[in-house]
Amino acid sequence: MVSRRKRRIVLFPYGQPATDRHRDRCAEIFLSLGGDIHRVIDGPFASLDRFVAYVRRIPVIHDGTECPIVMLTNTNPLALMVVNARRKLERSVPGLERATWVLCIDKEADPFFAHIAASVGTFEKNRAGEIVWHGPEGTAYLVVTVDGRPFESQPSESFRPGNPTPQSRRITSPGMPAVATLPPPETLPPRR
């Protein structure tokens, strides 16, 4: 059955990941979120500023008529590659405030992501059971891993069941489900 819902533009501010496995996982995720394989903007761009300048010229993104998917595949260092990048993109292209933000983590390339992210934000499972990281300024990101397995080092007390915090924004547009591989509860480390 073919969906009649309009497919969404997909943005890779840092370009496509280097490994086939990481690229395949990103494609799997953005397709499950309604991304359009024919409308992927992935560079290569010499800098985030050049990416911003390019995306700013796309009318359906700039004016907010589309709700893109932003795939962040480089998360180290977290403050620069995720938090500051999102701030810059949303301030330069206001239409991206409605975007779905996804962190596609390669645990081999960034083994400390979970601990660093937990120190500046919180992880939770949303109603759909997906892992969401609530970072600074009330921003929310869907978190998926390349291997589809949970972070072994993730402190269990940083996971909160239930609804997102009030200051956080939706990570998907209304009516658009987000799909991710979730860790089974028994794989989380015991509380200390």
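Structure above, values below:
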item	result
Among (1) in contact with a helix residue (DSSP H, G or I) (Cβ under 9 Å, 6 or more places away or on another chain); (2) closer than 20 Å to Ala18 by Cα, the one test that Pro94 misses	(2)
Residue in the stretch 28-35 that is more than 14 Å from the chain's Cα centre (by Cα), of a type in the set (Ser, Thr, Tyr), more than 23 Å from Ala118 (Cα to Cα) and assigned to a helix (DSSP H, G or I) present	no
Breaking point among (1) at pLDDT 90 or above; (2) over 13 Å from the mean Cα position of the chain (by Cα); (3) not in a helix (DSSP H, G or I), for Val70	(2)
Lone unmet requirement of (1) part of a loop (DSSP other than H, G, I, E, B); (2) over 14 Å from the mean Cα position of the chain (by Cα); (3) of a type outside the set (Gly, Ala, Ser); (4) closer than 16 Å to Val102 by Cβ for Val40	(1)
Which listed residue, of Thr75, Thr65, is buried (at least 21 other Cβ atoms within 10 Å of the Cβ) and either at pLDDT 95 or above or in a loop (DSSP other than H, G, I, E, B) (or both)	Thr75
Top-ranked residue in the stretch 1-27 [being β-branched (Val, Ile, Thr) and assigned to a loop (DSSP other than H, G, I, E, B); ranked as surrounded by the fewest Cβ atoms within 10 Å (Cβ to Cβ)]	Val2
Meets criteria (in a helix (DSSP H, G or I), surrounded by 18 or more Cβ atoms within 10 Å (Cβ to Cβ) and among the acidic types (Asp, Glu)) for Glu97	no
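The values are calculated or read from the model by the stated rules, or taken from the named source; none is laboratory data. The structure displayed is predicted, hence computed values, not measured ones. Cβ coordinates were reconstructed from backbone atoms using ideal geometry, including for glycine residues, and neighbour counts include every protein chain displayed.
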